[in-house]
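S.K.: Input: one structure, supplied below.
The values are calculated or read from the model by the stated rules, or taken from the named source; none is laboratory data. Since the model is a prediction, treat every value here as computed from it, not as a measurement. FYI the Cβ positions are ideal-geometry reconstructions off the backbone, even for glycines, and counts take in every protein chain you see. Just so you know, the surface numbers come from the protein's heavy atoms only, side chains and all, with ligands and any DNA or RNA stripped out. Shrake-Rupley method; radii C 1.70, N 1.55, O 1.52, S 1.80 Å.
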Amino acid sequence: MFTKILNFKIFNKDKTTLMNYIEDLDKVNIISGNPEVLFNGLNDPVLKENFNNKNSIIIPDGVGTVIASKLLKRPVKEKIAGIDIVREVLIKANLEGKSIYLLGAKEEVVKKCVENIKFEFPYLKVSGFHNGFFDLNNCDDIIESIKRCEPWAIFVAMGSPKQEIFIQKVMDVLNTHIFMGVGCVFYIFAGNLKRAPKWMIFLGLEWLYRVIKEPFRIKRLVSIPKFLLLVVKNKNTISDN
């Protein structure tokens, strides 16, 4: 069910199997494992601890991660985009009347995101939300507020590694089932950003679309060849569990 890439266990089945798998877990931290995030996790002790936590599941969110799994001859079944899992969680929350909490992005963005989610999923409960501009070392009031809301799922959109640091900080104190760092997802749900056309997603070119729309992202692509080179160098020393 998992492929080990640079000592990180990557979920290697399909999206439906993932949703069924997390159903039986008390708590789960879903991590979008693209090459940049995984590469950063190798040298950041907080990220490394977060990624290897017994409650964490890393999904292959990135064509570079998919390629890496093929290089190791343990291919993942499919690329699983973080935003697709967010949508699956929202669908389930809507069907079962569960509650969610949104944390991150600018105030106007998270408010619009909440508005659009409520419109599309009228039977779920948004138990609370807060923007992502606060001091991680001075946020006990925010944590207490989330604790009182008792959300079934919490989405944290503050970018990596800030969102992972926050999740690591609160996983043991919140009575929440699903934790997920979601990067720019709030901006997409709010309508500020658009996903790539379906044909680009199908061909694994969503990254190219994002670079075209946000040219500043091109410098972040450097992590992909670095990541793949490291995978090749270490493929004979890393084994699956």
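S.K.: Go over the candidates LYS92, LYS112, LYS106, LYS98 one by one and state the one that is over 25 Å from ILE224 (Cβ atoms), of a type in the set (Lys, Arg) and in contact with a strand residue (DSSP E or B) (Cβ under 8 Å, 6 or more places away or on another chain).
M.R.: Details: LYS92 fails: in contact with a strand residue (DSSP E or B) (Cβ under 8 Å, 6 or more places away or on another chain); LYS112 fails: in contact with a strand residue (DSSP E or B) (Cβ under 8 Å, 6 or more places away or on another chain); LYS106 fails: in contact with a strand residue (DSSP E or B) (Cβ under 8 Å, 6 or more places away or on another chain).
Answer to the selection: LYS98.
S.K.: May I pose another question? Over 17 Å from VAL156 (Cβ atoms), at pLDDT 95 or above, surrounded by fewer than 17 Cβ atoms within 10 Å (Cβ to Cβ) and among the hydrophobic types (A, V, I, L, M, F, W, C): is that true of ILE91 in this structure?
M.R.: Details: over 17 Å from VAL156 (Cβ atoms): yes; at pLDDT 95 or above: yes; surrounded by fewer than 17 Cβ atoms within 10 Å (Cβ to Cβ): yes; among the hydrophobic types (A, V, I, L, M, F, W, C): yes.
Yes, satisfied.
S.K.: Suppose we filter the stretch 140-166 for residues that are of a type in the set (Val, Ile, Thr) and more than 25 Å from GLU120 (Cβ to Cβ); how many remain?
M.R.: Start the filter on the stretch 140-166 by keeping residues that are of a type in the set (Val, Ile, Thr), which leaves 142-143, 146, 154, 156, 165.
Retained after the next criterion (residues that are more than 25 Å from GLU120 (Cβ to Cβ)): 142-143, 165.
Looking only at that region, the number is 3.
S.K.: With ASN29, ASN40 as the choices, which residue is under 21 Å from ALA157 (Cβ atoms), among the polar types (S, T, N, Q) and out of contact with any strand residue (DSSP E or B) (no Cβ under 8 Å at 6 or more places or on another chain)? I'd like the intermediate steps shown before the answer.
M.R.: Details: ASN29 fails: out of contact with any strand residue (DSSP E or B) (no Cβ under 8 Å at 6 or more places or on another chain).
Only one candidate qualifies: ASN40.
S.K.: If you don't mind, another one. Of the residues that make up the stretch 124-131, is at least one modelled with pLDDT of 95 or more and not in a strand (DSSP E or B)? Give the steps one after another, and end with the answer.
M.R.: Here is the first cut: in the stretch 124-131, the residues modelled with pLDDT of 95 or more are 124-131.
Still in the list and also not in a strand (DSSP E or B): 124, 131.
Checking the stretch 124-131: at least one residue is modelled with pLDDT of 95 or more and not in a strand (DSSP E or B).
S.K.: Right, something else. If LEU71 passes every condition in (1) closer than 23 Å to GLY159 by Cβ; (2) at pLDDT below 95; (3) not basic (Lys, Arg) but one, which one does it miss?
M.R.: (1)
S.K.: Picking from ILE10, ILE22, which residue would you name as being open to solvent by less than 50 Å² (accessible area, probe 1.4 Å), touching a strand residue (DSSP E or B) at 6+ places or on another chain (Cβ under 6 Å) and not in a helix (DSSP H, G or I)?
M.R.: Exactly one of ILE10, ILE22 is open to solvent by less than 50 Å² (accessible area, probe 1.4 Å), touching a strand residue (DSSP E or B) at 6+ places or on another chain (Cβ under 6 Å) and not in a helix (DSSP H, G or I), namely ILE10.
S.K.: Could you tell me which numbered condition ASP44 fails, if it satisfies all but one of (1) in contact (Cβ under 8 Å) with a residue 40 or more places away in the chain; (2) open to solvent by less than 50 Å² (accessible area, probe 1.4 Å); (3) closer than 25 Å to GLY191 by Cβ; (4) acidic (Asp, Glu)?
M.R.: With respect to (1) in contact (Cβ under 8 Å) with a residue 40 or more places away in the chain; (2) open to solvent by less than 50 Å² (accessible area, probe 1.4 Å); (3) closer than 25 Å to GLY191 by Cβ; (4) acidic (Asp, Glu), ASP44 is out only on (3).
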